[in-house]
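Right, one structure below, let's go through it.
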Amino acid sequence: MKQLTELFEKNNAWATGVTTHNPEFFTELAKQQSPKYLWIGCSDSRIPATQLLGLQPGEVFVHRNIANMVLHTDLNCLSVIQYAVDVVKVKHIIVCGHYGCGGINAALDGQEHGVIDNWLRHIQDVYHHHQQELDAVQDAEEKSCLLSEKNVMAQVTHVCEAPFIKKAWQAKQDLTVHGLIYTLKSGLLKDLKISRNH
Ligand code: CO
């Protein structure tokens, strides 16, 4: 049987390093979490939410799936958002897409990919919603980048349409929903400037 020896060693070194720097870190963190941010991002291994924000464990509540989708039928994602809003009381929900997204590219390539095609259909719906604008872009990479942005905008709208978000805003809860894009080649985030707080 293959073992995870290397990972356990790395985990041990990490935990030891953290406690050396701050002996109370884990005991304090174990008592409760009160992150200000909910991150909804792509599963892509190159986009680790907490790390790229320069934050620590305990500071970001996270949901990730292929192409950072927020679907009205996805109980997993909706449960995460509702818990983050109603119980954790995050102040910011960040939907973050990224350029060069494999999910976005797969939605564009016209090939069959198996079960994931059902998931990608939702990205194709976004494409059809902006078909004229996207069809006008000839360069494949540029088209993919534009669809990544349109997709974030659509998913931000989906977050804002969730009944418990509307309820939180009616109750004057301090909560803002943001749409961001991450650039793999630079490690930098860009604000799509579509933030909403009511
Ligand atoms: Co992706």
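The values are calculated or read from the model by the stated rules, or taken from the named source; none is laboratory data. Every value quoted in this text rests on a predicted model; they were computed, and no experiment measured them. Please note: Cβ atoms are built from the backbone with ideal geometry, for glycine as well, and neighbour counts cover all protein chains shown.
What is the residue count in the stretch 48-62 for residues that are within 14 Å of the ligand (Cβ to nearest atom) and either touching a strand residue (DSSP E or B) at 6+ places or on another chain (Cβ under 7 Å) or hydrophobic (A, V, I, L, M, F, W, C) (or both)?
Qualifying residue count, the stretch 48-62: 2.
If only one of GLN131, GLN155 is in the same structural domain as THR73 (by TED's automatic domain parsing) and within 12 Å of ALA67 (Cα to Cα), which one is it?
Result: GLN155 is the single residue among GLN131, GLN155 that is in the same structural domain as THR73 (by TED's automatic domain parsing) and within 12 Å of ALA67 (Cα to Cα).
Give the stretch 147-190 a look and list any residue that's among the hydroxyl-bearing types (Ser, Thr, Tyr) and either touching a residue at least 40 places away in the same chain (Cβ under 8 Å) or over 21 Å from ASP74 (Cα atoms) (or both), or say none.
SER148, THR176, TYR182, THR183, SER186
Every residue, every condition in (1) in a helix (DSSP H, G or I); (2) buried (at least 19 other Cβ atoms within 10 Å of the Cβ), yes or no:
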residue	(1), (2)
ASP125	yes, no
LEU147	yes, yes
ASN151	yes, yes
VAL159	yes, yes
LYS166	yes, no
ASP174	no, no
HIS178	no, yes
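If SER45 passes every condition in (1) buried (at least 18 other Cβ atoms within 10 Å of the Cβ); (2) within 16 Å of the ligand (Cβ to nearest atom); (3) farther than 23 Å from LYS193 by Cα but one, which one does it miss?
Every condition holds for SER45 apart from (1).
Does the stretch 16-28 contain any residue that is over 25 Å from ILE123 (Cα atoms), in contact with a Pro (Cβ under 7 Å, 6 or more places away or on another chain) and either within 16 Å of the ligand (Cβ to nearest atom) or without any contact (Cβ under 8 Å) to a residue 60 or more places away in the chain (or both)?
Taking every residue of the stretch 16-28 in turn, none turns out to be over 25 Å from ILE123 (Cα atoms), in contact with a Pro (Cβ under 7 Å, 6 or more places away or on another chain) and either within 16 Å of the ligand (Cβ to nearest atom) or without any contact (Cβ under 8 Å) to a residue 60 or more places away in the chain (or both).
One line per residue, one yes/no per condition, for (1) more than 20 Å from LYS190 (Cα to Cα); (2) at pLDDT 95 or above:
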site	(1), (2)
GLN32	yes, no
TRP39	no, yes
LEU53	no, yes
VAL60	no, yes
ALA67	no, yes
VAL70	no, yes
ASP74	yes, yes
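Please go through the stretch 64-84 and give me each residue that is in contact (Cβ under 8 Å) with a residue 24 or more places away in the chain and away from the ligand (no atom under 14 Å from the Cβ), ordered by number.
VAL70, LEU71, HIS72, CYS77, LEU78, VAL80, ILE81, GLN82, ALA84, listed by residue number.
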